[in-house]
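The values are calculated or read from the model by the stated rules, or taken from the named source; none is laboratory data. Predicted, not measured: the structure shown is a model, and the values here were computed from it. Virtual Cβ from ideal backbone geometry, glycine too; neighbours counted across all protein chains shown.
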Amino acid sequence: MPRIVIGSRGSTLALTQSKAVGALLSATVPGLEVAIEIIHTQGDKILDAPLSQIGGKGLFTRELEVALLEKKIDLAVHSLKDLPTELPQGLALGCVPKREEPHDVFVSADYETIDSLPESASVGTSSLRRRAQLLAYRKDLDVVDLRGNVDTRLRKVAERQFAGAILARAGIVRIGRADAISSVILEHIMIPATAQGALGIEVRKDDARVQEIIAHIHDDDAFVEVTAERACLASLEGGCQVPIGSLARVQGESLTIVACVCSIDGKEVLRTECCGRRDEAASIGRAAANNLREMGAADIIAAIR
């Protein structure tokens, strides 16, 4: 009987995602035995500081990648937005399953939308990207750092520790808490994080057995979209310390990407849109990055760093 070991972070969301991948694989590969190995990452262990202060590449992925390279696991399931665009030697992005809706959402115990918040209301988020775009839209709001897993963040909002919070729709839906969503924030207000809503299955480059197994759950539309978004991010050399957003959409044989670079205070928000053929996804992403650089993105990024 074939067997694979999936490496996963230990949060409710991470385990839900890993179990979903395991279920997909079991359904498409007859007789496949799936085991899940929980591995705690640096990002899971440090919960008392903003992500931007403890950031760096691989904050939520490095320990999983070490386990892969040491052959303790056969594949790692990541929220693809957490996976650096440059992977360690010997590892590869093996597949991208069907993508969940990528937008951010507003959650609140008392208010339906960002527009309905009173002046100076407190809004929680751990993301500089969300902070910057929120302040660009509502400069009067008090944006407060909010760490913890999805359950913890939703609990703090329910307890009214904040007037509201901004989270990824995908994570809330995957843990079965879609009822907590007050409203969806569309990209004209807030462009999502690169590859938000997508899962990334990381594998060893030379492991043909596992690559053949995971090919059954690969979604080409999702892969094309995140290829454009990750190419844009890589070209800008951005990370979690820089407020960068990108969202690509496939329509037939075409692809459109919108992207932004923001100052942390939200006073500068550079946005661009590029279109082309889906088979040019990486080039379209790099073109969006070039447009942003021509608008002054390099100066914003350098100032933040």
Q) Checking Ala234 against (1) touching a strand residue (DSSP E or B) at 6+ places or on another chain (Cβ under 7 Å); (2) of a type in the set (Gly, Ala, Ser); (3) surrounded by fewer than 20 Cβ atoms within 10 Å (Cβ to Cβ), which test does it fail? A) (1)
Q. Is it fair to say Ile4 is within 23 Å of Arg209 (Cα to Cα), surrounded by 16 or more Cβ atoms within 10 Å (Cβ to Cβ), in contact with a Leu (Cβ under 6 Å, 6 or more places away or on another chain) and not basic (Lys, Arg)?
A. no
Q: Among the residues of segment 142-156, write down those that are crowded, with 21+ Cβ neighbours inside 10 Å and out of contact with any helix residue (DSSP H, G or I) (no Cβ under 8 Å at 6 or more places or on another chain).
A: Arg153
Q | Criterion violated by Glu253 - all others in (1) under 30 Å from Arg138 (Cβ atoms); (2) surrounded by fewer than 19 Cβ atoms within 10 Å (Cβ to Cβ); (3) free of Cβ contacts under 8 Å to residues at least 60 places away in the same chain satisfied | A | (1)
Q) Taking segment 235-275, which residues are within 20 Å of Ala168 (Cα to Cα) and in a loop (DSSP other than H, G, I, E, B)? A) Gly238, Gly239, Cys240, Gln241, Val242, Pro243, Ile264, Gly266
Q.
Please go through segment 188-218 and give me each residue that is buried (at least 16 other Cβ atoms within 10 Å of the Cβ), farther than 18 Å from Pro97 by Cα and over 15 Å from the mean Cα position of the chain (by Cα), ordered by number.
A. Ile189, Asp207
Q.
Tell me which strands (runs of 3 or more DSSP E) are completely within segment 138-202 and hold 2 or more residues being closer than 18 Å to Leu15 by Cβ, touching a residue at least 40 places away in the same chain (Cβ under 8 Å) and not β-branched (Val, Ile, Thr), or say none if there are none.
A. 164-168
Q.
Take the conditions outside the structural domain of Leu87 (by TED's automatic domain parsing), β-branched (Val, Ile, Thr) and either buried (at least 24 other Cβ atoms within 10 Å of the Cβ) or assigned to a loop (DSSP other than H, G, I, E, B) (or both) and apply them to Val226. Does it pass?
A. yes
Q: Can you tell me which residue among Glu101, Glu37 is surrounded by fewer than 16 Cβ atoms within 10 Å (Cβ to Cβ), more than 24 Å from Arg209 (Cα to Cα), modelled with pLDDT of 95 or more and among the charged types (D, E, K, R)?
A: Glu101
Q. Does Asp206 qualify as being under 26 Å from Val21 (Cβ atoms), in contact (Cβ under 8 Å) with a residue 40 or more places away in the chain and part of a loop (DSSP other than H, G, I, E, B)?
A. yes
Q. Of all residues in segment 209-232, how many are more than 16 Å from Ile257 (Cα to Cα) and among the hydrophobic types (A, V, I, L, M, F, W, C)?
A. 5
